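J.: Quick one: the structure is below, and I'll ask about it shortly.
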């Protein structure tokens, strides 16, 4: 089922709800600059295992409304709250990839885990994507500023550059074009606004607020969100479990999709 949920006047979030009669629900938040279709290789196998899979296009991306503003993590987390309440979801597994992981983490902290029983962080851009004073584990801030500058100058080229480092394993040319097309669906201002979040947002406090079972999955060869950030998350979130994907980059959900899907199913159980 596909529908739109209004999260504020004139602002609608696109939701892809598969196997809606199933009782065990996983709500999935995509990473930048894609949309919910990036989870295609989770939808089919996990749906066949009996899970309800709900994919969300965050505001500004995919088929959702594309307002000029509202791209800070608080507002994006509030959008997820509206979806959970509108669908009357209970005791779900909330999964976020990359920036989606940041949104999921902010949601759990900001909304006290409202109706979320388990949290999954996949290559999550947390607690800070960039290096900061006394935090040497992220990317250099110049990497992000270069992405922003290139988005202003030649967004398709920026997306192509990003796609080239996304996966560790070789993907087919048609797959690469499909993934590239997802980035083009986003509004340019949304794409830039989220990149600016990486410079401004921190989630150190949010990690300390998590008190539900948490699974962290991170690719050893991630060139977007460096692997040490997964270690920091594991240390900062009490009782969390880290699974390292030795043959994956940022796109671990496809690089090692069978391992990813089995780990997710076992955890969501």
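The values are calculated or read from the model by the stated rules, or taken from the named source; none is laboratory data. This structure is a prediction, so every number in the text was calculated from the model and none was measured. Here the Cβ is made from the backbone with ideal geometry for all residues, glycine too, and neighbour counts use every protein chain on show.
J.: In this structure, is residue 242 free of Cβ contacts under 8 Å to residues at least 60 places away in the same chain, touching a strand residue (DSSP E or B) at 6+ places or on another chain (Cβ under 8 Å) and within 24 Å of residue 73 (Cβ to Cβ)?
T.: Details: free of Cβ contacts under 8 Å to residues at least 60 places away in the same chain: yes; touching a strand residue (DSSP E or B) at 6+ places or on another chain (Cβ under 8 Å): yes; within 24 Å of residue 73 (Cβ to Cβ): yes.
Considered against the rule, which asks whether it is free of Cβ contacts under 8 Å to residues at least 60 places away in the same chain, touching a strand residue (DSSP E or B) at 6+ places or on another chain (Cβ under 8 Å) and within 24 Å of residue 73 (Cβ to Cβ), residue 242 comes out as yes.
J.: For region 192-199, check the following and say yes or no: at least one residue is surrounded by fewer than 21 Cβ atoms within 10 Å (Cβ to Cβ), touching a strand residue (DSSP E or B) at 6+ places or on another chain (Cβ under 7 Å) and more than 25 Å from residue 71 (Cα to Cα).
T.: No.
J.: Only one of 77, 34 is touching a helix residue (DSSP H, G or I) at 6+ places or on another chain (Cβ under 8 Å) and either assigned to a loop (DSSP other than H, G, I, E, B) or at pLDDT below 95 (or both); which?
T.: The match here is 34.
J.: All but one of (1) surrounded by 16 or more Cβ atoms within 10 Å (Cβ to Cβ); (2) in a helix (DSSP H, G or I) hold for residue 231, so report the exception by its number.
T.: Checking residue 231 against (1) surrounded by 16 or more Cβ atoms within 10 Å (Cβ to Cβ); (2) in a helix (DSSP H, G or I), the one that fails is (1).
J.: Right, something else. Could you list, in sequence order, all residues of region 110-130 that are over 23 Å from residue 25 (Cβ atoms) and either without any contact (Cβ under 8 Å) to a residue 12 or more places away in the chain or assigned to a strand (DSSP E or B) (or both)?
T.: 130
J.: Quickly run through region 129-147 and pick out the residues that are within 19 Å of residue 166 (Cβ to Cβ) and out of contact with any strand residue (DSSP E or B) (no Cβ under 8 Å at 6 or more places or on another chain).
T.: 146, 147
J.: Which one of these does residue 17 not meet: (1) assigned to a loop (DSSP other than H, G, I, E, B); (2) surrounded by 15 or more Cβ atoms within 10 Å (Cβ to Cβ)?
T.: For residue 17, the exception is condition (1).
J.: Give me the pairs, please: first residue somewhere in region 50-76 and in contact (Cβ under 8 Å) with a residue 12 or more places away in the chain and on the phi > 0 side of the Ramachandran plot, second residue anywhere and surrounded by fewer than 20 Cβ atoms within 10 Å (Cβ to Cβ) and assigned to a loop (DSSP other than H, G, I, E, B), beta-carbon distance under 6 Å, and either six or more positions apart or on two chains.
T.: 50/22; 60/66; 60/187
J.: For the structure I just gave you, tell me whether residue 65 is more than 17 Å from the chain's Cα centre (by Cα), buried (at least 17 other Cβ atoms within 10 Å of the Cβ) and part of a loop (DSSP other than H, G, I, E, B).
T.: Yes; evaluated as a whole, the condition is true for this residue.
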